[in-house]
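K.L.:
Pasting a structure below so you can have a look.
The values are calculated or read from the model by the stated rules, or taken from the named source; none is laboratory data. Source: prediction; values computed, not measured. Quick reminder, even Gly has a Cβ in these numbers, built from the backbone with ideal geometry, and neighbours come from all protein chains shown. Keep in mind that these areas ignore ligands, DNA and RNA; they rest on the heavy atoms of the full protein, side chains included. Shrake-Rupley method; radii C 1.70, N 1.55, O 1.52, S 1.80 Å.
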Amino acid sequence: MANESVVNAPDPEVKSQGTAKIDNELNNNGYELIHSKSPLFYDLYERKSELKHQTHYCPGCGHGVAHKLIAEALQELGLQDRTIFVSPVGCSVFAYYYFDVGNVQAPHGRAPATATGIKRSCPDKIVISYQGDGDLAAIGTAEIVHAANRGEKITVFFVNNGIYGMTGGQMAPTTLVGQKSTTSPWGRRPSNEGFPIHVAELLATLEAPAYIERVALSDNKNIMKARRAIRKALEMQRDGVGFSFVEILSPCPTIMGKEPVEARRYVLDKMMPTFPLNVFRDRRPVIPVGTEPPQRPVAEVLGIKPLGITAKAEAPGLSLPKHAHHFKDVKIKIAGFGGQGVLLLGQLLIEMGMREELEVSWLPSYGPEMRSGSAHCHVCLSKERIGSPLISHPDVLVAMNEFSLRKFAHEVNSGGIILYNGSTIPADFAAPDVQVVAIPASEMADKLGSARVANVVMLGALLAENEALAPATAIAVIEAKVRKVELLETNRKALEAGREFGDNKVRPRAASQTDSRPITKNTTLTPQELV
Ligand SMILES: Cc1ncc(C[n+]2csc(CCOP(=O)(O)OP(=O)(O)O)c2C)c(N)n1
Ligand code: SF4
C-alpha cells in the first residue's frame, strides 16, 4: 500500500481531505517524496479493532503493489465508475476492502466465469478478474482456459506468487521445481508433482485472446513495466478489443520465509528464469461475427406459443382472456425423491410460465443417484427479469415426501404455503406463519391407475391454491408433453383431482410477492379437516 496515511486514516484532518491525500516533502537526498493514495481506494479500510492499523496484506506482499498499479491505471483512464472487480478466494479476496468500485466475490477459481456473466450482461462495464495462482491455475484451470478461449472481453490480473499464500503455503501449480512447500516438503519433483504450469504461454496457444503479458514485481524497473502492461490491458477492454491477461510475478514474503527485499530478489533470481517476462500476445483477434441470428425470446426459440396465440390458431375467432397474474414473482421449491417427477413438475411450471409470457427459471438439484435419491428444483415465475435461479426462501414448497417437508419447511417465507404429499400432516410437525396443506397425492394417483401422476395431482392443487397460472395453460402444456392417449387422460384426471381437492379443502389465496401481498395468516389444516 502507498504509505501509513492510507491505512485506516485515523486522523480526521486526513479524512476530510477527501479521496486524494497528498503530502509532499523533500527528503535528505533532495528527492521529492510523494505520499499519496489513488482516489480509487476507499478512504478508510475497515478491519477488526486490534488490526486497525494494518492492511490485510503482509509487509512486502505483491498484492499491495499490484493494487496500487491497477488503481492508478483505472484512475488515469477515468474508469472508476464503470469498473466491477471480481475477486475470488485467496489473499486476492481482500481486494474488495480496498477498491472503491463495484465488487463481486466469486467462489474459488470461478472468477472468470462470474466476470463473463457480468460483462455479458453489462458490456459497457470494465470487468476485472483478480486471481492468485492457486485459485486460477489449480481449482480454476477450466474457467480461465474457457474464458480466454471464448475471448471474453474481460481483463484478468493473475498474481503468481508460486504458492498458496492464504492457506499457509501448499504447493501451487506454479511452484518452482525444487521449491519446498507444506505439501512438497522435499521440494517439488517433476516426477511426482509435475512441472510448473506456464499459464501465460498456455493461454497464448488459443486463438481468441487479444493481449497476454507476463510482468514481475521484482524491482522498480519491472514494476514500471508492470504498470504499463496493466494499463494497456485495461485500455484494451475499454476499447472492446478482447480478452486481456497480465500475469504478475509477485513476492509472498511470509510464505517464502523471507524479508520483503529478499522476497523481491527471489522473484527476480528464481521465478523469472522459470517464468520469463514477455508479451505473448498483442493483437486484435479476428472472430467472425454477423452470422448469428438475432436474439429471440427463449419461448419462441423453443417453439412455445403464448396461450392466447395457440387458442386463436386452433379455434379462429376464439381468444382466451389473458391470465391476470396477481404477483410480481412466485418462488416455488419442489422436493422429493428421484422418480416422483419432482424435476418434471418444475419443468411443467416453467413451460406454463413461458406460455403466459412470464420470465421463468428452473434450477434442478439432485445427488449422484437419480432414482430414489433426494431431488429438488427451484422454480421462479416472474413479471420481471430474474436475477438468480437459486431460491433460498420459497413462497411455496411442494414437499413430495416427509423428508423434504422436514428438511425445507423452515426455508418457506412467512405467509407462504407448503403443499405436502400425504394424507395427514405429521403430528409433531410445526411450521409457524406458514399454511400447510396435506394432499394425499400418491393415494389419489394410485386410484387413478398410475402412481406416476402424483406430481400432476400436486400441480392441480398448487394451481387451485395459488392461482399463479391458468388451468387452461396446464392442460395445454400437458397435452403438448404427453403423447400416449391413455396416459394423457390419466394426467388430465390427475390435474382435475388435484384442483378439486384444492378447491374443496383449501381457501384459495396467493402466496407470492405481490404489489399488495394478499397473504392470509397461518391456516394450517388439521388432519381432521383434511379427511
Ligand atoms: C472451494 C474451496 N477450496 C479450497 C479453499 C481453501 N483455500 C482458500 S485460499 C486457498 C489458496 C489460495 O491461493 P492463491 O490462489 O495462490 O492465492 P494467494 O493467497 O497466494 O494470493 C485455498 C486452497 C476454499 N476457500 N474454497
Ligand atoms: S500470505 Fe503471501 S500473498 Fe498473502 S498477504 Fe501475506 S505475503 Fe501476501
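K.L.:
Among the residues in the stretch 94-101, are any buried (at least 23 other Cβ atoms within 10 Å of the Cβ) and either within 15 Å of ligand 2 (Cβ to nearest atom) or of a type in the set (Asp, Glu) (or both)?
P.N.:
The answer is yes, given that some residue of the stretch 94-101 is buried (at least 23 other Cβ atoms within 10 Å of the Cβ) and either within 15 Å of ligand 2 (Cβ to nearest atom) or of a type in the set (Asp, Glu) (or both).
K.L.:
Oh, and also: Mind checking which pairs have a first residue in the stretch 348-366 that is polar (S, T, N, Q) and a second that is open to solvent by less than 20 Å² (accessible area, probe 1.4 Å), Cβ under 6 Å, 6 or more apart or different chains?
P.N.:
Correct list of pairs: Ser361/Cys380.
K.L.:
With the checklist (1) in contact with a strand residue (DSSP E or B) (Cβ under 8 Å, 6 or more places away or on another chain); (2) assigned to a loop (DSSP other than H, G, I, E, B); (3) within 16 Å of ligand 2 (Cβ to nearest atom) in hand, flag the one item Val159 doesn't pass.
P.N.:
(2)
K.L.:
Return the residue satisfying two criteria in turn: it lies in the stretch 469-481 and is of a type outside the set (Asp, Glu) and open to solvent by 30 Å² or more (accessible area, probe 1.4 Å), and of such residues it is nearest to the chain's Cα centre (by Cα).
P.N.:
Out of the qualifying residues, it is Lys481.
K.L.:
Sticking with this one: Looking only at residues in the stretch 102-122 that are open to solvent by 50 Å² or more (accessible area, probe 1.4 Å) and of a type in the set (D, E, K, R), which one is farthest from Tyr57 (Cα to Cα)?
P.N.:
Among those that are open to solvent by 50 Å² or more (accessible area, probe 1.4 Å) and of a type in the set (D, E, K, R), it is Arg120.
K.L.:
Go through the stretch 124-156 and count every residue that is within 15 Å of Val86 (Cβ to Cβ) and either at pLDDT below 95 or within 16 Å of ligand 2 (Cβ to nearest atom) (or both).
P.N.:
Of the residues in that region, 5 qualify.
K.L.:
Something else: If you check Ala172, Ala200, which single one turns out to be surrounded by 19 or more Cβ atoms within 10 Å (Cβ to Cβ), hydrophobic (A, V, I, L, M, F, W, C), away from ligand 2 (no atom under 16 Å from the Cβ) and closer than 18 Å to Val267 by Cα?
P.N.:
Ala200
K.L.:
While we're looking at this one, here's another question. Can you name the number of the only condition in (1) within 34 Å of the chain's Cα centre (by Cα); (2) away from ligand 2 (no atom under 16 Å from the Cβ); (3) surrounded by 17 or more Cβ atoms within 10 Å (Cβ to Cβ) that Pro285 fails?
P.N.:
Here Pro285 clears every test but (3).
K.L.:
Next question. Go through the residues of the stretch 94-102 one by one and say whether even a single one is touching a residue at least 12 places away in the same chain (Cβ under 8 Å) and within 11 Å of ligand 1 (Cβ to nearest atom).
P.N.:
yes
K.L.:
Looking at the stretch 144-163, is at least one residue more than 30 Å from Gly78 (Cβ to Cβ) and of a type in the set (A, V, I, L, M)?
P.N.:
Within the stretch 144-163 (the criterion being more than 30 Å from Gly78 (Cβ to Cβ) and of a type in the set (A, V, I, L, M)), the answer is yes, since at least one residue qualifies.
K.L.:
Name the single residue, out of those in the stretch 239-259 being surrounded by fewer than 16 Cβ atoms within 10 Å (Cβ to Cβ) and touching a residue at least 24 places away in the same chain (Cβ under 8 Å), that is farthest from ligand 2 (Cβ to nearest atom).
P.N.:
Gly240
K.L.:
Of all the residues that make up the stretch 72-93, how many are more than 16 Å from ligand 1 (Cβ to nearest atom) and either buried (at least 23 other Cβ atoms within 10 Å of the Cβ) or under 24 Å from Gly140 (Cβ atoms) (or both)?
P.N.:
So the count comes out to 4.
K.L.:
Tell me whether the stretch 49-67 contains one or more residues that are touching a Phe, Trp or Tyr at 6+ places or on another chain (Cβ under 7 Å), within 13 Å of ligand 1 (Cβ to nearest atom) and among the aliphatic types (A, V, I, L, M).
P.N.:
Yes; the residues of the stretch 49-67 include at least one that is touching a Phe, Trp or Tyr at 6+ places or on another chain (Cβ under 7 Å), within 13 Å of ligand 1 (Cβ to nearest atom) and among the aliphatic types (A, V, I, L, M).
K.L.:
List, please: which pairs have Cβ atoms under 7 Å, are six or more places apart or on different chains, and start with a residue in the stretch 56-69 that is more than 7 Å from ligand 2 (Cβ to nearest atom) and open to solvent by less than 40 Å² (accessible area, probe 1.4 Å) and end with one that is in a loop (DSSP other than H, G, I, E, B) and of a type in the set (Val, Ile, Thr)?
P.N.:
Every condition considered, the pairs that remain are Gly64/Thr55.
K.L.:
May I pose another question? Considering each residue of the stretch 31-42, count those that are surrounded by 14 or more Cβ atoms within 10 Å (Cβ to Cβ) and either over 31 Å from the mean Cα position of the chain (by Cα) or part of a loop (DSSP other than H, G, I, E, B) (or both), and give that number.
P.N.:
Number of matching residues: 7.
K.L.:
(1) polar (S, T, N, Q); (2) buried (at least 24 other Cβ atoms within 10 Å of the Cβ); (3) touching an Asp or Glu at 6+ places or on another chain (Cβ under 8 Å): which one isn't true of Asn413, the others all being true?
P.N.:
It fails just one condition, (2).
K.L.:
While we're looking at this one, here's another question. Suppose we filter the stretch 228-272 for residues that are within 30 Å of the chain's Cα centre (by Cα), more than 16 Å from ligand 1 (Cβ to nearest atom) and among the charged types (D, E, K, R); how many remain?
P.N.:
Of the residues in that region, 5 qualify.
K.L.:
Tell me, which strands (runs of 3 or more DSSP E) lie completely within the stretch 389-462 with 3 or more residues that are more than 16 Å from Cys377 (Cα to Cα)?
P.N.:
Counting at least 3 such residues, we get 435-439.
K.L.:
Just one of the numbered conditions (1) surrounded by fewer than 20 Cβ atoms within 10 Å (Cβ to Cβ); (2) part of a loop (DSSP other than H, G, I, E, B) is not true of Lys153; which one?
P.N.:
Failing condition for Lys153: (1).
K.L.:
Does Gly187 fit the bill of being open to solvent by less than 10 Å² (accessible area, probe 1.4 Å) and out of contact with any Ser or Thr (no Cβ under 6 Å at 6 or more places or on another chain)?
P.N.:
yes
K.L.:
Then there's this: Could you please find all residues in the stretch 83-93 being polar (S, T, N, Q) and within 16 Å of ligand 2 (Cβ to nearest atom)?
P.N.:
Scanning the stretch 83-93 gives Ser87, Ser92.
K.L.:
While we're looking at this one, here's another question. Within the stretch 121-134, is even one residue closer than 20 Å to Ala66 by Cα and away from ligand 1 (no atom under 16 Å from the Cβ)?
P.N.:
Looking for residues that are closer than 20 Å to Ala66 by Cα and away from ligand 1 (no atom under 16 Å from the Cβ), one finds at least one in the stretch 121-134, hence yes.
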